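Working notes, structure below.
Please treat every number below as a calculation from the coordinates, not as lab data. Keep in mind that what you see is a predicted model, and the values were worked out from it rather than measured. Don't worry about glycine lacking a Cβ; one is built from the backbone with ideal geometry, like all the others, and counts go over all protein chains shown.
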Amino acid sequence: MLVLSAEQMASIATAAEAAWPAEGCGLLIGKGRRVVTVTRIMVADNLLKTQGNDRFELDPVVRFAAERSVRGTGERVIGHWHSHPDGSAKPSATDLAQAWEPEMIWLIVGIAADGDGRPQAIQMQAHRLDREAGKIFAVRMETAEKRACQGAVFPT
Ligand SMILES: [Zn+2]
């Protein structure tokens, strides 16, 4: 399970909308194994943004900076996020062909234009891609706010 706060989801949506009509991308920093909690979001430049709106390559400078920033902390780079300007939040054929690092979580945000032609994040889904098995696994998502509610004990 992937746990994100509403604020983290909103910052991914904002960065993805800003990158539209190209794909936006960035990294997810977090902790935990069975329940993976996102602690930070990073936004990266998409090096392929001028080569079509169906692909991304995360700027490696941001990846190196992320790896440096988690050294000696309980955090790690748990995955990355990118957007699909066609509104889909499912991995594309291009994504499957580039699915290195099978332990990484792929968070995909679908962006579509609203009635005024402005980009809007319309859906967000988390996946794990296993190229060897040729399969995509859905990763359940929950907001940190919902988890906090579930853990709270309300007076009866
Ligand atoms: Zn994609």
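A few notes on this one:
- Full extension of the chain between Thr50 and Arg63 yields a length gain of 2.6 nm, computed as 0.36 nm times the residue separation minus the alpha carbon distance.
- Against the empirical curve 2.2 N^0.38 Å, the C-alpha radius of gyration of the chain lands at a ratio of 1.06.
- Segment Glu7-Glu142, length gained on full extension (0.36 nm per residue, minus Cα span): 47.3 nm
- Among the trypsin sites (Lys or Arg not before Pro) found in the stretch 1-110, those both in a DSSP coil and sparsely packed, with 14 or fewer other Cβ atoms within 10 Å of their Cβ, are Arg33, Arg34, Arg71.
- Those chymotrypsin sites (Phe, Trp or Tyr not before Pro) in the stretch 70-156 that DSSP places in a loop and that have at most 11 other beta carbons within 10 Å: Trp100
- Taking GluC sites (Glu not before Pro) as exposed when their DSSP state is a loop state and no more than 10 other Cβ atoms lie within 10 Å, the longest site-free interval of the chain runs over 1-102.
- Folded to 0 to 90 degrees: helix 6-19 orientation relative to the chain principal axis, Cα: 10 degrees
- Each other residue within a Cβ distance under 12 Å of Gly151 adds +1 if Lys or Arg and -1 if Asp or Glu, for a net charge of 0.
- Here the dipole of the chain is about 660 debye; that uses its Cα centre as origin and unit charges on the Cβ of Lys and Arg (positive) and Asp and Glu (negative).
- For the pair the stretch 29-55 / the stretch 95-129, the C-alpha centres are spaced 10 Å from each other.
- Only beta bridges with both residues in the chain are counted; by DSSP, about 70 percent of them are antiparallel.
- Dipole of the chain [Lys/Arg +1, Asp/Glu -1 at C-beta], most positive-end residue of Trp106, Cys25, Ala89: Trp106
- Global size of the stretch 79-156 as Cα Rg and Dmax, reported in angstrom: 16.1, 53
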